[in-house]
Amino acid sequence: PFQVVGGKVKKPGKRGRKPAKIDLKAKLERSRQSARECRARKKLRYQYLEELVSSRERAICALREELEMYKQWCMAMDQGKIPSEIKALLTGEEQGKAQQNSNKLAKAGKTEVNSSNP
């Protein structure tokens, strides 16, 4: 009555955990509960993915609009026209540089005044 499996002799007696007599109703209820939880997780996962897709689609639309705007600007500049938005950017940068320079001069003047006082 001995079995040889993989070079080892197996005894016919049962070893290890004996299957406890589990109440069938409790087992079915646990299975149902597990299925409910699985469906809920799946629903949440799909909601998250749908929100992610819609946000990415909105971002794509915004980027396409921006790209189209830049294309229009390039076409205008190829025709020798400078779009007003670019003019505004350039004058804004020039004003910003002038302000930075005046701020640097003002700070330098303050330090000189402070250092000349004993």
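The values are calculated or read from the model by the stated rules, or taken from the named source; none is laboratory data. Note that the structure is predicted; figures quoted are calculated from it, not measured. Backbone-built Cβ (ideal geometry, glycine too); neighbour counts: all protein chains shown.
Among the residues of segment 75-92, count how many are surrounded by 10 or more Cβ atoms within 10 Å (Cβ to Cβ) and assigned to a helix (DSSP H, G or I).
Result for segment 75-92: 11.
Does Gly16 meet the test of being modelled with pLDDT of 70 or more and on the phi > 0 side of the Ramachandran plot? Outline the logic, then answer.
Numbers: modelled with pLDDT of 70 or more: no; on the phi > 0 side of the Ramachandran plot: yes.
For Gly16, the condition - modelled with pLDDT of 70 or more and on the phi > 0 side of the Ramachandran plot - is not met.
Looking at segment 29-44, can you tell me whether even one residue there is modelled with pLDDT under 85 and not in a strand (DSSP E or B)?
Looking for residues that are modelled with pLDDT under 85 and not in a strand (DSSP E or B), one finds none in segment 29-44, hence no.
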